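S.K.: Questions regarding the structure given below will be posed in turn.
None of the figures in this text is laboratory data; all of them are computed from the coordinates on show. It should be emphasised that the depicted structure is a prediction, and the values quoted were computed from it without experimental measurement. Here the Cβ positions follow ideal geometry from the backbone for every residue, glycine too, while neighbour counts run over all protein chains shown.
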Amino acid sequence: MKSLLLLLLLVATSCAELTTALQSTSTSKRELTENEVIKGLKAALEKGIKAASSSASKEDGYFGNSLIMIAFPPDAREVEKKLRQIGMGKEVDKFVLTLNRAAEKASAKAVDVFVGAIRQMSVQDAWGILRGEEDAATQYLRKTTSQQLNTEFRPIVKVALDQVSATRYYTDLVTTYNKIPFVTKVNPDLEEYATEKAIDGLFTLVAKEEAKIRKDPLARTSEILQRVFGHTE
């Protein structure tokens, strides 16, 4: 008799636990609301941007990261080549270092510029992003905000370039190059180049953060991230 009562008690307990589990699963998998989707996507992008900005703004955040390190301007590669040939390799290397230091300084101030752009996301955009590729949110942000970001970010980069003397080093290098006989004189827009590369680097890091949130449950550090991205699994 005691054994029968014990068995019934165990069965009842198991049923109760199963009901609770099913209710929990049902709750976690209930249909997402439009508000949840857009809130979750904005939270994911803000998290990615803050992480990217923090990583990029550290010393060697650009210079020490082969994914985003800014090289000598491509349309002035002949300048770099010639200057190295005449023994100015150290000066070229110093300029490249200061160029990356400028991007590191500027990226520390990027968060507000990016977050302002995120808040313009529509519900339709959010649904498309949620069901898209692992970098869909980053690509959306790049597509819809690049021009605005360039306009707003360029003055920040200009200040950073001046602070680390990158502009002066670059002017000196180009002036020296233009004095070499028979070369085609150049003077690429350093501010525009540095701005574009600094923004590209941030987008690269944001994409990595987005992929992490989509794939790794441990990267979803808030309830809304768990709810929205857990629903896609």
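S.K.: Starting from the 7 Å offset along Cα-to-Cβ, what nm value, one decimal, do you get for the label separation of residue 192 and residue 77?
M.R.: Label at residue 192, label at residue 77, 1.9 nm between them.
S.K.: Moving to a separate point now. Between 0 and 90 degrees, rounded to the nearest ten: what's the tilt of helix 190-215 against the longest Cα principal axis of the chain?
M.R.: In the chain, helix 190-215 runs at an angle near 20 degrees to the longest axis.
S.K.: Aspartates and glutamates within cross-link reach of residue 215: Cα-Cα under 18 Å, excluding same-chain residues under 8 positions apart?
M.R.: Of all the aspartates and glutamates, those that pass the test against residue 215 - Cα under 18 Å, at least 8 places apart if same chain - are 46, 133, 134, 135, 223, 233.
S.K.: Moving on to the next point. Placing unit charges on C-beta atoms (Lys and Arg positive, Asp and Glu negative, everything else neutral), compute the dipole magnitude of the chain about its Cα centre in debye, rounded to 20. The partial results should precede the final answer.
M.R.: On the way: 33 positive and 31 negative charges, 56 e Å.
Dipole about the Cα centre, nearest 20: 260 debye.
S.K.: Another question about this same structure. Using only Cα atoms, find the angle between the long axis of helix 2-28 and the longest principal axis of the chain, and express it within 0 to 90 degrees, rounded to the nearest 10.
M.R.: The two axes meet at around 40 degrees.
S.K.: I've got another one for you. Using only DSSP helix segments of four residues or longer, with each worth -39500 (n - 2.57), what per-residue ellipticity at 222 nm results for the chain after dividing by its residue count and rounding to 500?
M.R.: After summing the helix terms and dividing by residue count, I get -24500 deg cm²/dmol.
S.K.: Any chance you could give the angle, 0 to 90 degrees and rounded to 10, that helix 89-107 forms with the longest Cα principal axis of the chain?
M.R.: 40
S.K.: What does a probe at residue 94 reach in region 57-71, counting residues whose amide N is under 20 Å from the point 7 Å along Cα→Cβ?
M.R.: 60, 63-64, 70-71
S.K.: What distance in nm separates the simple spin-label points at residue 112 and residue 184, each placed 7 Å from Cα in the Cβ direction?
M.R.: According to this spin-label approximation, the distance is 4.2 nm.
S.K.: Sticking with this structure for a sec: Need the full-extension length gain, residue 86 to residue 134, defined as separation in residues times 0.36 nm minus the C-alpha distance. One decimal, nm.
M.R.: Full extension of this stretch gives 12.6 nm more.
S.K.: May I pose another question? Using a simple spin-label model with points 7 Å from Cα along the Cα→Cβ vector, what separation in nm is obtained for residue 54 and residue 204?
M.R.: Distance between label points: 2.1 nm.
S.K.: Going down the list 42/109; 143/212; 42/208; 39/143; 82/208, which pairs span over 27 Å between their C-alpha atoms?
M.R.: On the way: 42/109 19 Å; 143/212 21 Å; 42/208 16 Å; 39/143 20 Å; 82/208 37 Å.
In this structure, 82/208 exceed 27 Å between Cα atoms.
S.K.: Please grab the % of Cα pairs in the chain that end up more than 29 Å from each other. Please list the in-between numbers first.
M.R.: Numbers: 12377 of 27028 pairs.
Tail of P(r) above 29 Å: 46 percent of Cα pairs.
S.K.: Would you mind getting me the FRET efficiency between residue 65 and residue 148? Use the beta-carbon distance for r and R0 = 25 Å, nearest 0.05. Could the numbers behind the result be given before it?
M.R.: Numbers: r = 25 Å, r/R0 = 1.01.
With a Förster radius of 25 Å, E is 0.50.
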